[in-house]
Amino acid sequence: MEASRMMPRQTSDIDILRELERKVLWLSSYMIHHANHESDRGDGLKVGGHQASSASLVTLMTALYFHVLRPEDRVAVKPHASPVFHAIQYLLGNQTLDKLQNFRAFGGAQSYPSRTKDTADVDFSTGSVGLGIAETGFASLVQDYVHAKDWKPAWPRGRMIGIMGDAEIDEGNVHEALLEYWKHGLENCWWIIDYNRQSLDSVVSDRLFMKMAGLFENLGWKVVLLKYGKLLQAAFAEPGGQRLKEWIDDCPNQLYSALVFQGGAAWRRQLEEDLAIHPDALAIVRRHDDAELARLMTNLGGHDLETILEGFAAAPTDQPVCYIAYTIKGFGLPFQGHKDNHAGLMTKAQMQELRAREGINQGEEWDRFAGLSVPQATVENYLRRVAFVQRGRRRLQAARIPVTPFPKLEVKGQATTQAGFGRVLDEIARAGGPLADRIVTTSPDVTVSTNLGAWVNRRGLFSLADHEDVFKKRGLLSPQKWEMSAKGQHFELGIAEMNLFLMLSALGLSHTLFGERLLPVGTLYDPFVCRGLDALNYACYQDARFIVAGTPSGLTLAPEGGAHQSIGTPLIGMAQDGLASFEPAYVDELAVIMEWAFDYMQRGGDEDKEKRWHRDEKGGSVYLRLSTRPIDQLTRSMTPDLRGEIIDGAYWMRRPEPGTGLAIVYTGAVGPEAIEAAGLLSEDRRVGVLAVTSADRLSAGWHAAQRAREHGDRNARAHVETLLAHLPRDAGIITVTDAYPEALSWIGGVAGHRVRALGVEHFGQSGSLSELYGHYGLDVNSILAAAEGLSGRPVRYRFLQN
Ligand SMILES: Cc1ncc(C[n+]2csc(CCOP(=O)(O)OP(=O)(O)O)c2C)c(N)n1
Ligand SMILES: [Mg+2]
């Protein structure tokens with residue numbers, strides 16, 4: 001061996017980063033190739049739009065993870081860059097080979113980075129484009145919140161970083177978020193746009209970056225273009241270089257992309273033609289051979305480590321930063337730049353070529369150090385020093401906040417569940433203590449109309465900058481005291497419901513992102529749950545913990561008309577994983593549910609060990625569907641048994657006896673109709689009344705018990721099975737809900753009872769509540785008619801009404 005090769009080479013960090021960049025490209029490409037060609041998987045697991053989309057981010061993410069990031073930084077990674085993320089985690093020792101080899105397969109690394117399904121340290125799940133990126137800004141606001149209190153977080157303030165595809169900017173929720181950030185004075189956030197000018201179907205229109213830059217600057221962001229790499233910058237400085245720069249600047253995306261795909265010879269032909277009358281510029285072209293020319297012309301900022309590192313190093317700290325990183329989709333791979341490359345996969349032959357280029361031998365594909373041109377020890381030493389991994393796993397924990405003593409409410413006469421909700425929070429605020437201190441409320445412009453006003457009056461609005469209440473200072477009377485300060489505990493949001501759920505998601509991850517437990521409570525009008533639905537789903541998917549109250553709901557929003565009357569939300573609540581849904585009728589039930597919810601949202605047991613799939617040990621978020629309908633409250637003592645039944649989802653308000661031929665099963669605000677109808681019917685027949693507080697938990701428990709029995713636990717019995725065991729098999733059931741009837745009709749399947757399901761099946765309209773209940777078939781008369789239909793026996797009083 002030559003003496004010179006035995007000498008330790010002086011290797012700079014940038015050289016090592018270049019090696020790591022190659023390694024990340026190889027591993028991420030091979031991971032996808034392996035999934036498609038090397039493993040014997042079902043067809044469904046094969047294709048994926050990852051390869052080209054990943055490649056454009058290799059350099060940027062190498063720079064970030066191996067050099068720029070600190071442990072306290074949090075990152076949302078573009079969905080299709082998942083292979084790059086996993087390859088990096090593997091190199092850092094945070095990801096297993098088995099997971100890489102099973103990328104996209106059952107139990108393997110996930111297609112899109114997932115907090116809940118990936119074992120590597122994913123900060124924010126992504127997949128539905130626009131949501132992960134938008135969450136970063138809200139997380140930054142939450143971090144400010146946590147640091148503004150006197151809790152002295154154990155972790156310093158980190159940067160909230162979003163890496164996004166350029167097509168994500170088309171998602172409306174991104175714009176909604178940008179406006180909200182501006183209102184709250186967002187500072188500590190970077191968005192890095194992978195400006196490869198390609199989305200799934202198409203090449204993005206030219207000069208989009210100018211629109212993006214204007215948009216961000218308008219809203220207080222610093223915009224940094226990472227447009228040209230060092231090679232191009234050097235070429236531009238040469239005689240004739242400005243001409244070359246003009247040529248690139250003017251080159252339409254389509255043409256640029258095509259030339260990138262075609263390579264050196266095509267570049268030469270095009271440039272010789274276009275620069276024919278500019279000898280200096282042509283000379284630059286001619287000083288490069290084909291390979292060098294292709295390298296020069298594709299040396300965009302997003303693929304140049306030094307340019308990227310300089311850009312990141314110069315980031316201001318008092319302003320959010322938007323990096324527009326020019327990249328090439330599929331960079332470094334055979335289909336780079338091709339407009340159809342989104343789902344492009346390399347052939348076996350192309351993979352062999354890449355293998356040869358990267359110096360990887362057969363059998364060394366997964367080796368973390370094969371093919372490197374710097375000594376392994378140097379790289380290993382560097383990896384050990386990488387700042388990002390210095391504090392180990394970054395999934396933090398926070399102690400649980402005691403929920404007791406929970407305020408006891410005395411509610412007499414008439415009350416609404418919405419007002420009860422406000423009162424419970426007001427009582428918590430009045431009592432003070434850890435529970436009150438850790439609650440954070442938020443609402444999209446419906447704070448007062450959802451009854452959060454009393455809470456906000458006591459606890460104030462959160463703002464880093466103090467704002468005094470001018471009305472109060474001037475002695476002007478107002479029930480709302482809108483004092484804003486860092487002490488405040490309410491985030492007032494603009495009207496966009498997407499932002500509500502993104503904010504709840506960020507607040508609800510505070511314990512794991514920042515090590516400080518928050519108990520977030522959000523409110524919105526129930527019909528507008530649908531407006532924020534994907535963000536709600538995404539919040540639950542990340543296992544964020546919060547309470548959301550949808551109020552008012554259903555026909556109880558009567559005079560507001562159809563667009564304000566929610567119909568399908570109970571079904572959403574049932575179908576949404578990670579969200580336990582309740583619809584109480586009475587305030588004492590609601591108080592029990594809220595006390596339970598503040599505990600449930602803090603649980604952290606192991607889902608896999610949980611037999612019932614109720615998530616009772618694991619915990620989750622809670623959805624309360626509430627109403628503004630005043631209802632006569634019941635005078636009763638809240639026994640432990642009744643509490644348990646309210647939480648499990650139902651209790652007999654009027655127990656069936658032997659010979660009972662009918663049960664009325666109701667949920668929520670239609671309780672009075674159910675009870676009145678039962679009273680009338682009981683003059684000539686026996687009637688049971690089942691109060692359902694949570695159709696969601698009731699049905700989940702039923703499914704769980706069936707599953708348990710199928711797996712050998714013969715004694716497993718669901719709460720709903722126990723309840724219905726008291727009802728003779730030949731009895732009929734009428735279900736009543738101010739929502740789509742199928743939210744309750746399933747109950748007939750439990751023990752085989754006949755069911756007539758009453759509910760709302762068509763759009764609402766303006767009217768008084770009694771008119772609407774009559775029109776949609778939820779009133780007493782409708783229940784009587786249903787009883788007659790089910791029993792075939794005439795019912796007294798039925799036609800006296802109308
Ligand atoms: C809300 C949503 N709509 C559609 C998709 C399907 N989809 C995944 S990636 C993509 C295009 C992404 O383009 P871009 O953001 O530019 O990323 P690139 O692949 O160019 O890196 C689409 C339409 C999705 N994941 N989420
Ligand atoms: Mg793109």
Only one of (1) more than 14 Å from ligand 2 (Cβ to nearest atom); (2) in a strand (DSSP E or B) fails for residue 193. Which number is that? (1)
Kindly check whether there is at least one residue in segment 310-328 that is under 27 Å from residue 95 (Cα atoms), away from ligand 2 (no atom under 16 Å from the Cβ) and over 29 Å from the mean Cα position of the chain (by Cα). no
Only residues in segment 141-161 that are assigned to a loop (DSSP other than H, G, I, E, B) count as the first member; pair them with residues that are open to solvent by 10 Å² or more (accessible area, probe 1.4 Å) and polar (S, T, N, Q), Cβ under 7 angstrom, at least 6 apart or cross-chain, and list the lot. 157/188; 159/188
Of these, 456, 440, 446, which one is assigned to a loop (DSSP other than H, G, I, E, B), in contact with a Phe, Trp or Tyr (Cβ under 8 Å, 6 or more places away or on another chain) and not basic (Lys, Arg)? 446
Do the conditions hold for residue 777, that is, is it over 40 Å from the mean Cα position of the chain (by Cα) and either without any contact (Cβ under 8 Å) to a residue 12 or more places away in the chain or open to solvent by less than 50 Å² (accessible area, probe 1.4 Å) (or both)? no
Just a yes or no: is a residue in segment 249-260 within 30 Å of residue 343 (Cβ to Cβ) and in a loop (DSSP other than H, G, I, E, B)? yes
What do you reckon, is residue 187 under 28 Å from residue 485 (Cα atoms) and either assigned to a loop (DSSP other than H, G, I, E, B) or away from ligand 1 (no atom under 16 Å from the Cβ) (or both)? yes
Among the residues of segment 155-164 satisfying the criterion of being of a type outside the set (A, V, I, L, M) and in contact with a strand residue (DSSP E or B) (Cβ under 8 Å, 6 or more places away or on another chain), which is surrounded by the most Cβ atoms within 10 Å (Cβ to Cβ)? 162
For segment 94-104, indicate whether the set of residues that are open to solvent by 10 Å² or more (accessible area, probe 1.4 Å), within 16 Å of ligand 1 (Cβ to nearest atom) and not in a helix (DSSP H, G or I) is non-empty. yes
Has segment 392-411 got any residue that is modelled with pLDDT of 95 or more and outside any loop (DSSP other than H, G, I, E, B)? no
Residue 644 vs (1) at pLDDT 95 or above; (2) among the small types (Gly, Ala, Ser); (3) closer than 30 Å to residue 133 by Cα: all pass except (3)
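Here is a yes/no grid of residues against (1) open to solvent by less than 20 Å² (accessible area, probe 1.4 Å); (2) not in a helix (DSSP H, G or I):
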{"residue": "310", "(1), (2)": "no, no"}
{"residue": "319", "(1), (2)": "no, yes"}
{"residue": "334", "(1), (2)": "no, yes"}
{"residue": "354", "(1), (2)": "yes, no"}
Restricting to segment 321-332, name every residue that is within 13 Å of ligand 1 (Cβ to nearest atom) and open to solvent by 10 Å² or more (accessible area, probe 1.4 Å). 326, 331
Here is a check on your reading of the model: is residue 289 among the acidic types (Asp, Glu) and open to solvent by 20 Å² or more (accessible area, probe 1.4 Å)? yes
List the number of the failed condition for residue 340; all other conditions in (1) within 16 Å of ligand 2 (Cβ to nearest atom); (2) in contact with a helix residue (DSSP H, G or I) (Cβ under 9 Å, 6 or more places away or on another chain); (3) closer than 19 Å to residue 50 by Cβ hold. (2)
Kindly check whether there is at least one residue in segment 668-687 that is open to solvent by 30 Å² or more (accessible area, probe 1.4 Å), of a type outside the set (Phe, Trp, Tyr), over 22 Å from residue 572 (Cα atoms) and touching a helix residue (DSSP H, G or I) at 6+ places or on another chain (Cβ under 7 Å). yes
Which one of these does residue 152 not meet: (1) modelled with pLDDT of 95 or more; (2) surrounded by fewer than 22 Cβ atoms within 10 Å (Cβ to Cβ); (3) within 30 Å of residue 441 (Cα to Cα)? (1)
How do the pairs read when you match residues in segment 757-773 that are open to solvent by 50 Å² or more (accessible area, probe 1.4 Å) with residues anywhere that are in a loop (DSSP other than H, G, I, E, B), using Cβ under 8 Å and keeping only pairs 6 or more apart or on different chains? 761/567; 761/740; 761/741; 763/565; 763/567; 765/561; 766/561; 770/779
Of 177, 167, the only residue that is within 20 Å of the chain's Cα centre (by Cα) and open to solvent by 30 Å² or more (accessible area, probe 1.4 Å) is 167
Any idea which of 126, 136 is buried (at least 23 other Cβ atoms within 10 Å of the Cβ) and within 12 Å of ligand 1 (Cβ to nearest atom)? 126
Could you say whether any residue in segment 44-63 is part of a loop (DSSP other than H, G, I, E, B), more than 16 Å from ligand 2 (Cβ to nearest atom), out of contact with any Phe, Trp or Tyr (no Cβ under 7 Å at 6 or more places or on another chain) and modelled with pLDDT of 95 or more? no
Residues of segment 470-495 being open to solvent by 20 Å² or more (accessible area, probe 1.4 Å), in contact with a strand residue (DSSP E or B) (Cβ under 9 Å, 6 or more places away or on another chain) and not aromatic (Phe, Trp, Tyr), which ones? 483, 484, 485, 486, 487, 492, 495
Which residue, of 466, 445, is touching a residue at least 40 places away in the same chain (Cβ under 8 Å) and open to solvent by 40 Å² or more (accessible area, probe 1.4 Å)? 445
Could you tell me whether segment 756-776 includes any residue that is closer than 17 Å to residue 574 by Cα and part of a helix (DSSP H, G or I)? no
Based on this model, can you work out whether residue 714 counts as more than 26 Å from residue 597 (Cβ to Cβ), in contact with a Ser or Thr (Cβ under 7 Å, 6 or more places away or on another chain) and open to solvent by 60 Å² or more (accessible area, probe 1.4 Å)? no
Is it the case that some residue within segment 780-796 is within 14 Å of residue 567 (Cβ to Cβ) and buried (at least 23 other Cβ atoms within 10 Å of the Cβ)? no
Please count how many residues of segment 336-352 are in a loop (DSSP other than H, G, I, E, B), open to solvent by less than 10 Å² (accessible area, probe 1.4 Å) and on the phi < 0 side of the Ramachandran plot. 1
With the structure loaded, tell me whether residue 597 is closer than 14 Å to residue 620 by Cα and assigned to a helix (DSSP H, G or I) or whether it fails that test. yes
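The values are calculated or read from the model by the stated rules, or taken from the named source; none is laboratory data. Nothing here was measured: the structure is a model prediction, and the numbers come from that model. With ideal geometry, Cβ positions are generated from the backbone for all residues, glycine too; neighbour counts draw on all protein chains shown. Please note that ligands, DNA and RNA were not included when accessible areas were found on the heavy atoms of the full protein model with its side chains. Shrake-Rupley method; radii C 1.70, N 1.55, O 1.52, S 1.80 Å.
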